[in-house]
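Student: My questions will all concern the structure given below.
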Amino acid sequence: DSKRVTIGRPLPNVQTYVLDRNRLPVPVGVMGELYIGGAGLARGYLNRPELTSERFISHPFKEGERLYRTGDLVRYLSDGNIDYLGRMDNQVKIRGFRIELGEIESTLQEHDLVKEAVVMVRENQSGDKRLVAYVVGEGSLEEWREYLKTKLPIHMIPSYFVEMKELPLTINGKIDQKSLPIPDYQGVQEGYVAPRNEREHKLSIIWERVLGSKRIGMNDNFFEIGGDSILSIQIVSRAKQVGLQLTPKQIFEHQTIAELAQVVKEEQGVQAEQGIITGETILTPIQQRFFAQNHPNPHHWNQSMFFRTKEKLNIGSLEKAAGNLLLHHDALRLRYERLPNGVWKQWNEGIEEQLMLTVISLDEVPEADWHQVIQKEINIAQESLNLHDGPLMRMVYFDEGEHAGRLFWTIHHLAVDGVSWRILLEDLQTAYTQAVQGQKIQLPMKSTSFKEWSERLHHYAESGISQEVLHYWEEQAEQDVVILPLDGTISNPVSAVTEEITVVLNENETRMLLQETLSTHRVQINEVLLAALVQATAACTGQPILSVDLEGHGREEIIEDVDLSRTVGWFTSIYPVHLNITSAHTPIAALKAVKEQIRKIPNKGV
């Protein structure tokens, strides 16, 4: 490329290193800071000990030697030359992200129609810091923006582009940044873009509520502002309630509101049975796995919520709301029976008549005894769940007097999972509010029933799996499993003898993990954590291969005309993954390898 500014290769007896912020080598093509060492390295700056200490550092790879920090941002090219990208002095911080202006400039100049480019930080009319790109070349501002989107993380895309005939220079031949014009803030698209039509307005309200954020722009990336696969299901569910039809897959493919609004439909979605579902229901794989484990007390296997209420609840309204949830969500009325041949059978009951709510008055109990009373009633509620006779759900309200209370809610795991709880908590709040106000309880429309899903999934497993998917899992089954060494043997391995080690990340480390790392490397948090796990075990065992079971929400779009966005039930998928970082010699290379292996898994393990 004739526009590249290459430093070339080091001279004989001169050592060059391109290192990241942790002073670790970066792969070819990845930006880092240039460090120089070798026989000709100076001892330091004359009479400037502080600057010498800052720039002349201990050699991270050779004891007793030193390196010089140049402050130059560079990268190795595949031919061994060093490509100059800019200066560390041009590193800025915007909205929590560290940004190298030189990298944006270098990437822009790689565009065939761009001759020169400079990027700087300016404050807009609201006083917010924004990236501004000044470009000399042919093509449109939108074309340059779209080009950068294919090369850089979204937080490195300039908010404003200014087309220039030439860049102003100082008498020394450097870019005269003081002479660069102020952008037309009204005429050029800003970093924050407000909704421009009804669809975008509806989607922005949904995103803000689900993500707990304010002022989400139309070009903000869902996964870079806290979104994940489970939250995408909530987005789909809430969109359906305002007449917008979309799928979690579309959110993964179109990660901004601006893009999503182009593909969302306002027509009727999947038609689901709205009446009370009854009859035999096929066991799903995760349910079959549960019964295959032969738990000594299968009735007690539950998930529970316990929360303090801000005000004293109306018992009649709470009971009415809970009853409506039981009718609306069919999985809460499932029943189970073990047949003489040992096989478990599952079916849906009709209308549930059992009392599910118990009220305990704590204001009649000495406060010192509250904990003991609460624990006793919680145990009674959990022990009352019965797979054959019911119920699978129980609530206990602890009345603390005039102004407060506590609500315990337990459901057998066979009927609920993490996504289901989000649906149920939202519906309980809706139903209770309607009941208190004397309104008819009206919950959002049902999505595909758990019964229909289990039947469709069974049919898919019998005849719908492609040869390509089958071949993938057959290959996984043939993989050698590396056994992790143990410090000793445990005669009775139960949860009571496990030890938990907790590490807390500070605010800056958390932001780097959840924002900078994900956007810079275009990865998801589970891929980062798995890459760290396999590197940690490799350091302990010397084996760069690790076999793990991964758990997913299981509500994948593998069957047409199925909508599970508001379906309660146990959908969890568990599947084996073999992680291999044999050919990865740096943390970044390991992350890339794990990312590729995870994304090859068909249908996310379902």
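The values are calculated or read from the model by the stated rules, or taken from the named source; none is laboratory data. Just so it is clear, the model here is predicted, and its values are computed rather than measured. Cβ coordinates were reconstructed from backbone atoms using ideal geometry, including for glycine residues, and neighbour counts include every protein chain displayed.
Student: So is I94 at pLDDT below 80, aliphatic (A, V, I, L, M) and within 30 Å of the chain's Cα centre (by Cα) or not?
Tutor: Judged against the criteria, I94 is a match.
Student: For the range 88-112, give me the residue count where each residue is of a type outside the set (K, R) and part of a strand (DSSP E or B).
Tutor: So the count comes out to 6.
Student: Name the strands (runs of 3 or more DSSP E) wholly inside the range 15-87 in which the number of residues that are modelled with pLDDT under 85 and buried (at least 16 other Cβ atoms within 10 Å of the Cβ) is 2 or more.
Tutor: 66-76, 82-87
Student: May I pose another question? Taking the condition among the hydrophobic types (A, V, I, L, M, F, W, C), at negative phi and more than 34 Å from the chain's Cα centre (by Cα), does V14 pass?
Tutor: yes
Student: Considering the range 141-166 alone, what residues qualify as being in contact with a helix residue (DSSP H, G or I) (Cβ under 9 Å, 6 or more places away or on another chain) and either surrounded by fewer than 11 Cβ atoms within 10 Å (Cβ to Cβ) or farther than 20 Å from G217 by Cβ (or both)?
Tutor: Within the range 141-166, Y147, K151, V162, E163 qualify.
Student: Can you name the condition, by its number, that E208 falls short on among (1) within 22 Å of H155 (Cα to Cα); (2) touching a Pro at 6+ places or on another chain (Cβ under 8 Å); (3) part of a helix (DSSP H, G or I)?
Tutor: Looking at each condition in turn, E208 falls short on (2).
Student: While we're on this one: What number goes with the only condition from (1) under 21 Å from R522 (Cβ atoms); (2) buried (at least 19 other Cβ atoms within 10 Å of the Cβ) that T572 does not pass?
Tutor: The one condition T572 does not meet is (1).
Student: Filter the range 584-604 down to the residues that are within 16 Å of T537 (Cα to Cα), outside any helix (DSSP H, G or I) and not aliphatic (A, V, I, L, M) and list them by number.
Tutor: Selection gives H585, T586.
Student: Please determine, by comparing only the residues of the range 256-271 that are at pLDDT 85 or above and within 18 Å of E557 (Cα to Cα), which one is surrounded by the most Cβ atoms within 10 Å (Cβ to Cβ).
Tutor: For the range 256-271, the residue satisfying everything is L260.
Student: Also, I was wondering about something else. Looking at G342, G350, which one is assigned to a loop (DSSP other than H, G, I, E, B) and at negative phi?
Tutor: Just one listed residue meets the conditions, G350.
Student: So is S317 within 23 Å of A415 (Cα to Cα) and of a type in the set (G, A, S) or not?
Tutor: For S317, the condition - within 23 Å of A415 (Cα to Cα) and of a type in the set (G, A, S) - is not met.
Student: If you take the residues of the range 397-411 that are surrounded by fewer than 20 Cβ atoms within 10 Å (Cβ to Cβ) and among the hydrophobic types (A, V, I, L, M, F, W, C), which of them is modelled with the highest pLDDT?
Tutor: Looking at residues that are surrounded by fewer than 20 Cβ atoms within 10 Å (Cβ to Cβ) and among the hydrophobic types (A, V, I, L, M, F, W, C), I get L407.
Student: Looking at the range 113-131, which of the residues that are touching a strand residue (DSSP E or B) at 6+ places or on another chain (Cβ under 7 Å) and assigned to a loop (DSSP other than H, G, I, E, B) is modelled with the lowest pLDDT?
Tutor: Step by step, filter the range 113-131, then rank; the result is N124.
Student: Further, regarding this structure: So, R394, is that one buried (at least 17 other Cβ atoms within 10 Å of the Cβ), touching a residue at least 24 places away in the same chain (Cβ under 8 Å) and part of a strand (DSSP E or B) or not?
Tutor: Considered against the rule, which asks whether it is buried (at least 17 other Cβ atoms within 10 Å of the Cβ), touching a residue at least 24 places away in the same chain (Cβ under 8 Å) and part of a strand (DSSP E or B), R394 comes out as yes.
Student: Name the single residue that is nearest to S463 (Cα to Cα) among those in the range 522-560 being among the aliphatic types (A, V, I, L, M) and in a strand (DSSP E or B).
Tutor: The residue in question is L550.
Student: To continue, here is another question. If we keep just the residues of the range 575-600 that are β-branched (V, I, T) and surrounded by fewer than 18 Cβ atoms within 10 Å (Cβ to Cβ), which is farthest from R522 (Cα to Cα)?
Tutor: Out of the qualifying residues, it is T582.
Student: While we're on this one: Does any residue of the range 514-524 turn out to be modelled with pLDDT under 80, surrounded by fewer than 10 Cβ atoms within 10 Å (Cβ to Cβ), among the polar types (S, T, N, Q) and closer than 30 Å to V594 by Cα?
Tutor: Checked the range 514-524: no residue is modelled with pLDDT under 80, surrounded by fewer than 10 Cβ atoms within 10 Å (Cβ to Cβ), among the polar types (S, T, N, Q) and closer than 30 Å to V594 by Cα.
Student: Here is a list of conditions, (1) in a loop (DSSP other than H, G, I, E, B); (2) surrounded by fewer than 20 Cβ atoms within 10 Å (Cβ to Cβ); (3) β-branched (V, I, T), and I286 meets all of them except one; can you say which number that is?
Tutor: (1)
Student: Could you grab me the full set of residues in the range 519-570 that are among the β-branched types (V, I, T) and over 22 Å from the mean Cα position of the chain (by Cα)?
Tutor: T537, T541, I545, I559, V562
Student: Only one residue in Y147, Y134 is outside any strand (DSSP E or B) and at negative phi. Which one?
Tutor: Every option except Y147 fails the conditions.
Student: Counting only residues that are among the basic types (K, R) and assigned to a helix (DSSP H, G or I), how many does the range 289-314 have?
Tutor: Adding up the residues that qualify gives 1.
Student: Which of the following residues is under 24 Å from Q287 (Cβ atoms), aliphatic (A, V, I, L, M) and either at pLDDT 95 or above or surrounded by 15 or more Cβ atoms within 10 Å (Cβ to Cβ) (or both): L428, L443, L414?
Tutor: Only one candidate qualifies: L414.
Student: So for the range 329-341 (the condition being among the small types (G, A, S) and exposed (fewer than 12 other Cβ atoms within 10 Å of the Cβ)), does at least one residue qualify?
Tutor: Among the residues of the range 329-341, not one is among the small types (G, A, S) and exposed (fewer than 12 other Cβ atoms within 10 Å of the Cβ), which makes the answer no.
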